[in-house]
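The values are calculated or read from the model by the stated rules, or taken from the named source; none is laboratory data. None of these values were measured; they are calculated from a predicted model. Here Cβ is always computed from backbone atoms with ideal geometry, including for glycine, and neighbour counts include all displayed protein chains.
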Amino acid sequence: MVQGWICFKFNCKSNQLNSIEKINEKWDFVIGIEVHVQLETESKMFSTCEYSYKKDPNTLTCPTSLGLPGALPSINEKGINFAIQFGSAVKGTIHKSFSFARKHYFYPDLPKGYQISQFDQPIVTGGSVPIWWNNKKINIQLTRAHLEEDAGKSTHNSLKNNSKVDFNRSGAPLIEIVTEPVLTHPIQAKILIQRIKQIVNYISISSAEMEQGKLRCDANISLKKKGVKKFGTKTEIKNINSFRNVQKAIESEIKRQYKILESDQIVEQASLTWNNEKNTAEIMRVKENADDYRYFPDPDLPPVVISDNKIEKISENIPTLPFEFEDDWIDKYDFNPEEATTLASTIDVATYFNEIIQHDISPKNASKWITGELFRLHHEINLPFNKNKVSVKDLSTIICLNTSEKITQNSAKEVLRKLFNSNDSLESILSEGRYLNSIDNNIEGMVEKVLQENSEEVIRFKNGEEKLMSYFIGKMMKESQGRISHKIISEELLKKLK
């Protein structure tokens, strides 16, 4: 599958969701999401130690990331810059002064026994992330976005009854994005995560590859009766690691809470983990609050103060964002939301589209060729969209040839495929001659052959069965292998038949 493309679904109801929709008739779903995005800095958040993916276990460690006695943290400025970029992209409030805190908990992959994070003074508060839901744009309000360090990675082997810890990731920079509890459906949650990945890709602060653990999320879920204002007791599902599992995990927890509430029992506040093999969320521990983490200011890290000038300079360099492209195209070109979101899926696709319409290609036609033919060719070789595989100039030439009927649709697709899969130039491919609509394609000979082979139909046509013209056109299309347009074929057939 082509990586990096985003598919936003609309009017999403399927047989798998029937029970969710049934529950939703009586109960409201209250969902909040916490998204952890690993930032693409060269070093860790609070040390100069390198972090990169796919290195041998425990080869990227240092005294600071391992929490060894006497090792002191220092703040990665690039991590702060990236957080400012994100805050600007979502139109949040970027605070000039903020601090770091210690969040205490005990787990084998947390060597210090605490995580450096932010508590009451985050770098970003507020803002929103626009998503499409049932063909309408809704803004998912954010509570905050704050900086912190990642923990190590634990792997468990139940067959061998052992666990291993890799501390390479320990200390890697994260931005945690926390929404208000405003999501009302599991699919909304999945779409939101896709949108956040898209935004951080656009502003180049993270690849956010979920399979590499660079984007993970926690989901907070509660149910309340229709018409009731007070929220129910929430539970939290930790470390969900795929878009599909975000939806599945929330659905699973909704069903679990529904069964409890319908039995007149009480839902306990708890933290759960998603078991992918069993397709269910399982309780890890109950009644966990912020107080349990014993937050306090990190004594080794002084408060940070940044200038207005720095914030303005970083904010000025934010590129056009996906939802801005979408709004512009829907307004200018009468695209529907699905067409617009497909074209805005990555910044490369979006800029490619904007460049090609500068070559007098209609937006609808450009969209059809990019998201149809070019996407298909990339999909066949399992690669993300690469705007250099076929230049904007070459694709616009192919589209113009097809639009002016100098080349048929089938021939245009064949030329594009050959251009995509070879190092031949467009000029050399077209110079072969067999793609162009002309008498050089021996159309007269083809017409004579088709009419001779279908002499009875010719007689019937001349006797008034003019509907047979479509029959002859079909035979000609087959004979010419789709390389001659309907218009030219019709003209030549009429010359011979009349």
**OP:** Provide a single number: the residues in the stretch 355-391 that are surrounded by fewer than 20 Cβ atoms within 10 Å (Cβ to Cβ), among the small types (Gly, Ala, Ser) and not in a loop (DSSP other than H, G, I, E, B).
**Re:** 1
**OP:** Determine the pairs where a residue that is in contact (Cβ under 8 Å) with a residue 60 or more places away in the chain, located within the stretch 96-119, has a partner that is of a type in the set (Lys, Arg) and part of a loop (DSSP other than H, G, I, E, B) with Cβ atoms under 9 Å apart, the partner being 6 or more residues away or on another chain.
**Re:** ARG102/LYS112; ARG102/ARG294; LYS103/ARG294; HIS104/ARG294; TYR105/ARG294; ASP109/ARG169
**OP:** Kindly provide the set of residues from the stretch 20-39 that are part of a strand (DSSP E or B) and more than 15 Å from HIS185 (Cβ to Cβ), ordered by number.
**Re:** GLU34, VAL35, HIS36, VAL37, GLN38
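Is it fair to say SER411 is under 20 Å from the mean Cα position of the chain (by Cα), buried (at least 21 other Cβ atoms within 10 Å of the Cβ) and either assigned to a helix (DSSP H, G or I) or not aromatic (Phe, Trp, Tyr) (or both)?
no
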Subject >> When residues of the stretch 133-185 are limited to those that are under 21 Å from the mean Cα position of the chain (by Cα) and among the hydroxyl-bearing types (Ser, Thr, Tyr), the one surrounded by the fewest Cβ atoms within 10 Å (Cβ to Cβ) >> reply: THR184
Original post:
Here are VAL182, VAL178: which of them is of a type in the set (A, V, I, L, M) and in contact with an Asp or Glu (Cβ under 7 Å, 6 or more places away or on another chain)?
Top reply: VAL178
**OP:** Kindly list the number of the only condition in (1) under 21 Å from GLU34 (Cβ atoms); (2) among the charged types (D, E, K, R); (3) in a strand (DSSP E or B) that fails for LYS137.
**Re:** (1)
Original post:
Residues of the stretch 1-46 being of a type in the set (A, V, I, L, M, F, W, C) and at pLDDT 95 or above, which ones?
Top reply: ILE23, TRP27, PHE29, VAL30, ILE31, ILE33, VAL35, VAL37, LEU39, MET45, PHE46
Original post:
Out of curiosity, is ILE199 closer than 26 Å to VAL30 by Cβ, buried (at least 22 other Cβ atoms within 10 Å of the Cβ) and within 14 Å of the chain's Cα centre (by Cα)?
Top reply: yes
**OP:** Report yes if some residue within the stretch 246-258 is aromatic (Phe, Trp, Tyr), touching a Lys or Arg at 6+ places or on another chain (Cβ under 8 Å), on the phi < 0 side of the Ramachandran plot and assigned by TED's automatic domain parsing to the domain that holds ASN168; otherwise report no.
**Re:** no
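Please verify whether THR61 is in a loop (DSSP other than H, G, I, E, B), surrounded by 21 or more Cβ atoms within 10 Å (Cβ to Cβ) and in contact (Cβ under 8 Å) with a residue 60 or more places away in the chain, treating the condition exactly as stated.
Values: in a loop (DSSP other than H, G, I, E, B): yes; surrounded by 21 or more Cβ atoms within 10 Å (Cβ to Cβ): yes; in contact (Cβ under 8 Å) with a residue 60 or more places away in the chain: yes.
When the stated conditions are applied, THR61 passes them.
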**OP:** Out of the residues in the stretch 223-257 that are assigned to a strand (DSSP E or B) and farther than 19 Å from VAL182 by Cβ, state the one that is modelled with the highest pLDDT.
**Re:** LYS238
Original post:
Which numbered condition trips up ALA83, out of (1) surrounded by fewer than 22 Cβ atoms within 10 Å (Cβ to Cβ); (2) within 27 Å of the chain's Cα centre (by Cα); (3) of a type in the set (A, V, I, L, M)?
Top reply: (1)
Subject >> Out of GLN452, GLN358, sole residue that is out of contact with any Phe, Trp or Tyr (no Cβ under 8 Å at 6 or more places or on another chain) and under 30 Å from GLU326 (Cα atoms) >> reply: GLN358
